[in-house]
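Beneath this line is the structure, given in C-alpha cells, with notes to follow.
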Amino acid sequence: MSPRVVSVNVVRALIADPRGDVGRTAIDKAPVTEPVELLESGPAGDVVVDRKHHGGRDQAVYAYASEDQAWWAGALGRELPPGTFGENLTTEGLDVTGAVVGERWLIEGADGSGEVVVEVTTPRIPCQTFQSWMAEPQWVRRFTEHGAPGAYLRVLVEGAVRAGARVEVLHRPGHGVTIGEVFQPRLADPARLRRLLDEGEDLHPALVRRLESEVDRAASRPAAASGATSG
C-alpha cells in the first residue's frame, strides 16, 4: 500500500495530569476532517502544555504508524483509534520505527497548497503522563520493550495537510541509524551510534546526550572488565 496519512490529530481537550510536571496535558487528541497547517512550531490548532519536555522545533509533530497501533490494539484487547497515543499524524505504509534519523518525508499538500516536507528527528520517550493516559499496568516498560516508539518530526516546509495525503520518502541519510536503534541504544551497535553522532546533521540535543552517554558506557565496559580481573 502506498504510504499515506490516515488521519491528522489535534488536541480535543486539556485534561488533568496528576503525574506530570504541570498538572495538565494535551495528550487527548482526535482526528479532524479539515486541513491542518503543519508549522515549524507544530500543527495549527494543537497545544503543547509541558514545554520543558515536549514541543519545540525538533518535536513539532509526532507520527505513529497505524500498523503499530493495530498491534497494540490486539495486545491490549481494546480499540485504539487514531490519536490515542497523542500522535499528530497517524500513518499507513511507512516504517516509522525503521525510519532513519534525518530522513525526510514529502507529504502531499491539501487543496493544492503545495507539498510539506518534514524531517525525522528523535523517538518518543514514554513518560508517566502517557502511562496515566493509557491506564495500562507497567505501560512505560511495555511500550519500551516493544520498541515501536513513533517518531518526532521537524517541519522544514510548512503547509496544510489532511487525511489521505500521500507520503514519499524524499531523502534517507547514509549513516542508516534508525529510530528503533536510538530508542533502545543499549541494544544497538555502539559503532553505528558513533557514526550517527559523527555524520548526523542538526541532531536533537537530547538525542545527542543520550547517544553519547551510551557510546561512552559501551567504551568503558572492556576497561572495567580488565580492571576487575587484574587485581
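The values are calculated or read from the model by the stated rules, or taken from the named source; none is laboratory data. Only a predicted model underlies this, so the values are computations on that prediction, with no experimental measurement involved. Because the Cβ atoms are built from the backbone with ideal geometry, glycine has one as well, and the counts that use them run over all protein chains shown.
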Which numbered condition G93 fails, given (1) modelled with pLDDT of 95 or more; (2) of a type outside the set (S, T, Y); (3) at negative phi
(3)
Scanning for something among the aromatic types (F, W, Y), surrounded by 15 or more Cβ atoms within 10 Å (Cβ to Cβ), under 17 Å from F143 (Cβ atoms) and touching a residue at least 60 places away in the same chain (Cβ under 8 Å), does segment 71-89 turn up at least one residue?
yes
Considering only segment 45-93, how many residues are of a type in the set (A, V, I, L, M) and over 13 Å from the mean Cα position of the chain (by Cα)?
8
Can you say whether R142 is surrounded by fewer than 19 Cβ atoms within 10 Å (Cβ to Cβ), free of Cβ contacts under 8 Å to residues at least 40 places away in the same chain and at negative phi, as far as the supplied structure shows?
yes
Here is a check on your reading of the model: is R172 among the charged types (D, E, K, R), surrounded by 13 or more Cβ atoms within 10 Å (Cβ to Cβ) and within 18 Å of V101 (Cβ to Cβ)?
yes
Cβ contacts < 6 Å: first residue assigned to a helix (DSSP H, G or I), restricted to segment 172-184; second residue modelled with pLDDT of 95 or more and of a type in the set (S, T, N, Q), any location; separation 6+ or different chain. Result?
I179/T97; G180/T97
For segment 38-53, check the following and say yes or no: at least one residue is within 16 Å of T129 (Cα to Cα) and among the hydroxyl-bearing types (S, T, Y).
no
If you take the residues in segment 145-168 that are more than 23 Å from A110 (Cα to Cα) and in contact with a strand residue (DSSP E or B) (Cβ under 6 Å, 6 or more places away or on another chain), which one is surrounded by the fewest Cβ atoms within 10 Å (Cβ to Cβ)?
P149
Residues satisfying the stated conditions in segment 96-139, i.e. surrounded by 16 or more Cβ atoms within 10 Å (Cβ to Cβ), among the charged types (D, E, K, R), in contact with a Pro (Cβ under 8 Å, 6 or more places away or on another chain) and over 14 Å from G86 (Cβ atoms)
E103
